[in-house]
Amino acid sequence: MMRCQRCDKPATFHITELTGGKPVELHLCEDHAREYLMQAGNEPASAGSMAAVLAQQMAKQLALSQTAEELAELDQQLCPYCGISFYDFRSQGRLGCPYDYVVFEKELQPLLLNIHGETQHKGKRPTHSAELSRKHTELIRYRRQLQEAIQEENYELASRLRDKIREIEESSSE
Amino acid sequence: MKSKNPPPNESVLDLARELEQLSRSRGEWLKGSGPESDIVISTRIRLARNLASYPFRSRATEVDRQRIQQTLKEAIFRHAHPTQVIYVDLEQLDLLDRQLLVERQLISRELAEGQGPRSAVLDRAERFSLMINEEDHLRIMAMASGLNLDEVWQMVNQWDDRIEEHVVYAFDEKLGYLTACPTNVGTGIRVSVMLHLPALALTRQIEKIFRSLQKLDLAVRGLYGEGSQAMGDFYQISNQVTLGLSEQEIMKKVADIIPAIIDYERKARDLLMRENLRNLHDRISRAFGILRTAQTISSEETMHLLSSVRMGIHLGLIKEIGIPELNDLFLQTQPAHLQKLAGTELDQTDRDIERARFLRRHLNKEDGSQTAKGGSTSG
């Protein structure tokens, strides 16, 4: 069994520290993991905004509930629209596109609860539907596929994608 | 002003002139008017919005960002007349002018220091500002002097409605407006009230108040927002939570706590006046004296001393200068403003000398004992 790097207890928490130059693996017992996270939380916000720091901290706490293998698997999961991985989000504290909220829903849920104490929006909404918004977000994927099709000289696919893109663009609220 | 950029074209020169004018004017948020304006400097609200059909900034290509900028610019200019607003392409702006806009709180440091296509549409009266390609595709900001949440909310809300007529925002039934950072998701609103709390700082009660605010999920920041120090005893109180509460509930949450803080500050001032008048008067007079006579002075020291003088004016201990004039000094002694007004780029040593000269010139005017030109330029 792996031991805590700071005492003799079993290491039950596996943390990948991403805030420095390169990722650092930490294996800690529960007490030392807590202590570590507390310290991380007390550091002044040097680079970037407090919001990013908060998001990173939350993401770290989230990582605590996973085993190293689960985490590695999770990290590799890619958004099919913008191509960001959960690892990218954990390290930058910023999402890549609106669809990330769908792809990483399960991972983001505890984070949102932690920050806001709620997961259901209340308040203003646009006059256009959420459905229209979702459809427009698909454009991110189609545009990426279009670029790939052009690079691969697959002009038939490119033409089909162009039609799809046009169709969605014309369905806008204007 | 010297520019290291390629030869400017006419529109850039126009912009330079516009910004020059701006640097001499008094921004809305520093008017020193409005409810509770002896303590509440200004009220600001911003909304974060994104177009549904593009990646957030970190994943957006140069082409994406250009298209985002074009789409939003067109939408905005359907409702804004060029006589009302200034369009600022940040890529064409040199460092000094970008800094000038940050000092006036018309754009964020993030936008000023960013890369690639990004811009801002600024109200000439400085009541609102729209930032394109900041952390989110669009940041709608409005501000007013004093405590004025309703008026400011109406302004951002109206801009949000207008722009939405022409674009499709990233919006989800469950999570509301989708933002690049999960800390802004939902309403995308940040309500912030800037307070001047010199007596609470002086009597060392400020930390206690901040701790209790944090328990209420309210954030406290310095004058220039996230990560900045509380220069000149200015503090911004703002909401942390953006999801699960309506805009009105969030505004109420911030608004509800402000009277209590105002009350604490007033009580602290009363106490100082009652029990420590001589020391207080001495401190304020000395601050005024240094500002009127210093030969070289840093931005931090200036802010610190102006803060004392500001309180002195409200307490009737200083009568030579009014609040609006003093507010101008807060802004015009900032590094970019100072250089803009001097008409030349200055290094730090020269800035400190120029700042002292500027202060002497402006604070000794009515006094008559020194010339308006500020007598000793030899330093």
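From zero up to wherever the largest Cα-Cα distance of segment A:90-131 sits, split into 10 Å bins and tell me the percent of pairs in each.
Taking all Cα pairs of segment A:90-131, the binned fractions are 22, 49, 27, 2 percent.
Would you grab the residues whose amide H sits under 5 Å from the one on B:Gly222? Only those 5+ places off in sequence or on another chain, please, with H modelled 1.01 Å from N.
Counting only residues 5 or more places away or on other chains, the set is B:Gly227, B:Ser228, B:Gln236.
Averaged across orientations, what area in nm² does the convex hull of the alpha carbons in segment B:124-166 project?
Values: hull surface 14.1 nm².
About 3.5 nm², averaged over all directions.
With θ set to phi - 60° and the Karplus curve 6.51 cos²θ - 1.76 cosθ + 1.60, what are the ³J(HN,Hα) couplings of segment B:328-338 in order, to the nearest whole Hz, using x for Gly and Pro?
4, 5, 3, 7, 6, 8, 5, x, 5, 4, 4
Rounded to the nearest whole Å³, what is the per residue volume of the convex hull around the Cα atoms of segment B:137-193? Walk me through the numbers before you get to the answer.
Numbers: hull volume 5.3 nm³, N = 57.
So the per-residue Cα hull volume is 92 Å³.
In square angstrom, what is the accessible area per residue of segment B:24-183 with a 1.4 angstrom probe? Numbers along the way, then the final one.
Numbers: 5210 Å² over 160 residues.
I get 33 Å² per residue for this part.
What are the radius of gyration and Dmax of segment B:265-307, computed over its Cα atoms and given in Å?
12.3, 36
With the other protein chains left in place, how much accessible area per residue, in square angstrom, belongs to segment B:249-348 at a 1.4 angstrom probe?
Numbers: 4490 Å² over 100 residues.
Value returned for segment B:249-348: 45 Å² of accessible area per residue.
Starting from the exponent 0.38 and prefactor 2.2 Å, build the expected Rg for segment B:292-371 from its residue count and divide its actual Cα Rg by it.
On the way: Rg = 12.5 Å, N = 80, 2.2 N^0.38 = 11.6 Å.
It is 1.07.
Using 17 Å as the cut-off for backbone N distance, which residues of segment B:34-71 belong to the label zone defined by a point 7 Å from the Cα of A:Glu169 along Cα→Cβ?
Flagged as within label range: B:51-55, B:61-71.
Let me know the whole percent of all Cα-Cα pairs from segment B:81-219 that are separated by more than 27 Å.
On the way: 3044 of 9591 pairs.
When every Cα pair of segment B:81-219 is considered, 32 percent fall beyond 27 Å.
Can you tell me how chain B classifies by the Cα gyration tensor, rounded, prolate or oblate, using a/c under 1.5 as the rounded cut?
Details: a/c = 2.32, a/b = 1.29, b/c = 1.80.
Taking the square roots of the gyration eigenvalues as a ≥ b ≥ c, chain B is oblate.
When the scattering of segment B:230-301 is computed by the Debye formula from its Cα atoms alone, each counted once and equally, what is log10 I(q)/I(0) at q = 0.15 Å⁻¹?
Each listed q maps to, in turn, -0.76.
Once you place label points 7 Å from the Cα toward the Cβ at B:Leu216 and A:Ser159, how far apart are they in nm?
It works out to 6.5 nm between the two label points.
Using a basic spin-label model with each label point 7 Å from the Cα along Cα→Cβ, how many nm lie between B:Lys252 and B:Val63?
4.9
Please name the residues of segment B:30-54 whose accessible area, counted over protein heavy atoms with a 1.4 angstrom probe, falls by no less than 30 Å² between the chain alone and the full protein assembly.
Residues of segment B:30-54 that lose at least 30 Å² of accessible area once the other chains are added: B:Ala52, B:Ser53.
Any chance you could list P(r) for segment B:247-338, counting all Cα-Cα pairs in 10 angstrom bins from zero, rounded to whole %?
Bin by bin from 0 Å, the calculated values are 14, 37, 29, 17, 3.
B:Phe171's amide H: which non-local residues (gap 5+, or another chain) put their own amide H closer than 5 Å, with H modeled 1.01 Å from N in plane and none for Pro or chain starts?
Here the answer is B:Leu178, since their amide H atoms fall under 5 Å of that of B:Phe171.
Hey, with R₀ at 25 Å, roughly what FRET efficiency would B:Lys319 and B:Asp150 work out to, going by the Cβ-Cβ distance, to 0.05?
Computed FRET efficiency for B:Lys319 and B:Asp150 comes out at 0.15.
Return the value, in Å² to the nearest 100, of accessible area buried between chains B and A (probe 1.4 Å, both sides summed).
On the way: alone 17530 and 11760 Å², together 25230 Å².
Heavy-atom accessible area buried at this interface is about 4100 Å².
Enter the mean projected area of the convex hull around the alpha-carbon atoms of segment A:115-172, in nm², rounded to one decimal.
The orientation-averaged projected area of the Cα hull of segment A:115-172 comes to 5.8 nm².
Could you go through segment B:203-211 in sequence order and give the Karplus-derived ³J(HN,Hα) for each residue, using 6.51 cos²θ - 1.76 cosθ + 1.60 with θ = phi - 60°, rounded to whole Hz, and x for Gly and Pro?
The phi angles translate into 8, 6, 9, 5, 4, 4, 5, 5, 4 Hz.
The values are calculated or read from the model by the stated rules, or taken from the named source; none is laboratory data. Remember, it's a predicted structure, so these values are computed and weren't measured experimentally. Ideal geometry is used to build each Cβ from the backbone, glycine not excepted, and the neighbour counts take in all protein chains shown. Just the protein is used for accessible areas: all its heavy atoms, side chains included, with ligands, DNA and RNA removed. Shrake-Rupley method; radii C 1.70, N 1.55, O 1.52, S 1.80 Å.
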